[in-house]
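Values quoted throughout were computed directly from the atomic coordinates according to the rules given, and no laboratory measurement underlies them. What you see is a predicted model, and the numbers here were worked out from it, not measured in a lab. Cβ placement follows ideal geometry from the backbone for every residue including glycine, while neighbour counts extend to all protein chains displayed.
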């Protein structure tokens with residue numbers, strides 16, 4: 001689908017009809033694509049698995065950019081606005097809810113997954129998450145940044161969720177959970193966690209695929225009436241990367257893994273990939289807060305240098 005629609009630009013082109021229709025033929029292609037891997041040599045499947053690892057990592061980055069831009073959009077939406085008649089009380093209420101939920105999440109993870117001194121790795125994960133939350137709040141409230149508490153609250157809750165999913169991916173024997181280890185992987189929390197992950201992935205795939213610049217809920221005006229509403233090629237590319245990410249979830253990012261019942265997305269590879277994703281998300285968000293200030297300081301310094309050189313040049 002990517003190859004056949006990547007060059008589509010106008011609504012009257014044949015590729016537009018192919019993208020928006022032909023559902024009966026596409027359903028046949030879907031059935032064939034589901035059956036074909038059973039007849040492929042294992043070497044080809046192994047090669048695709050190596051490619052899928054890279055594609056899944058790229059999808060995580062796209063998903064992260066999509067989430068952060070959604071946070072920025074939501075923060076702007078709930079800010080005080082005379083046209084929409086938004087008051088600061090609504091934004092304050094939302095920021096309080098998000099910060100309170102993230103704080104409760106950290107406390108709950110301490111009591112559920114780090115209740116013993118021997119759970120040193122979980123204590124490190126949760127403590128570092130709490131430190132990241134404090135840094136994000138401090139930077140957001142800095143006088144030169146002044147981004148408020150709403151966007152930092154949403155990001156804080158997202159980081160806590162990533163930390164929780166990382167701990168949930170630890171092997172059963174190692175995981176320091178207050179739940180019975182024999183039932184730890186098939187309780188209702190595991191089911192809810194997996195459903196939340198599926199919903200988030202599908203939502204990120206749709207939102208990112210429709211917008212080639214990874215901005216959610218943006219309303220760009222097309223240059224001409226017959227232009228396509230979004231980039232079809234990019235849309236299908238994001239879906240292929242999302243499929244690779246789903247594949248990695250089911251095998252726990254380990255191509256030699258033989259998963260057992262209720263062991264989806266369980267293993268040290270899954271754990272550390274999610275932890276790294278959490279740390280990268282916090283770093284990327286902090287950079288988005290700090291970079292405008294750094295650029296402004298650079299422009300100010302350049303202007304001061306020009307003003308200092310001008311009198312000297314006039315004297316010469």
* Spacing of the two label points (7 Å from each Cα toward its C-beta) at residue 9 and residue 243, in nm -> 2.8
* **Which of 66, 143 has the fewest Cβ neighbours within 10 Å, and the rest in rising order** => 143, 66
* **Nitroxide proxy distance, nm - points 7 Å out along Cα→Cβ at residue 131 and residue 227** => 4.7
* Asked: Between residue 297 and residue 93, what FRET efficiency follows from the Cβ-Cβ distance if R0 is 30 Å, with the result rounded to 0.05?
  -> 0.30
* Structure fact -> By Cβ neighbour count within 10 Å, fewest first, 170, 50 rank 50, 170
